[in-house]
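Working notes for the structure below.
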Amino acid sequence: MGKAVEWLRNVLAVMGLLAIGFWLGSGRPVAASSNGEGVMFQLTGVDQNSSLLIYHPESKTVYVYRGATLGNETVNCSFKYLLGEPGGAVKRVNCPAGSAYH
């Protein structure tokens, strides 16, 4: 019976860690900037439907990279959203072929 209790405790611990990891990575944006630009990114999904969103506050632009976890080591920008004032129109623009955020 001691082995069963130990096994159950280990399973519950692993499930708890997985739940915490899922909660921490549940689509919350993460700030990623070493030079103070305030660039933010969000990775959604880890499959063929994944996308990487990068927000650049200085240009008020959101860059979208589809299939960010698949394929080659270079992920090209699919399209970008040009943001205006809150509540205003958002313009969607296709990125040039072979472009990446810079």
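For region 51-71, name all the residues that are over 11 Å from the mean Cα position of the chain (by Cα), modelled with pLDDT of 85 or more and of a type in the set (A, V, I, L, M, F, W, C).
Listed by number, the list holds a single entry, Val62.
Give the residues of region 70-102 that are buried (at least 16 other Cβ atoms within 10 Å of the Cβ) and either within 15 Å of Gln42 (Cα to Cα) or of a type in the set (S, T, N, Q) (or both), sorted by residue number.
Val75, Asn76, Cys77, Ser78, Lys80, Tyr101, listed by residue number.
All but one of (1) touching a strand residue (DSSP E or B) at 6+ places or on another chain (Cβ under 8 Å); (2) modelled with pLDDT of 75 or more; (3) loosely packed, with under 10 Cβ neighbours inside 10 Å; (4) not aliphatic (A, V, I, L, M) hold for Arg28; which doesn't?
(2)
The values are calculated or read from the model by the stated rules, or taken from the named source; none is laboratory data. As the structure is a computational prediction, the values presented were derived from the model and not from experiment. Cβ atoms come from the backbone with ideal geometry, glycine included; neighbour counts cover every protein chain shown.
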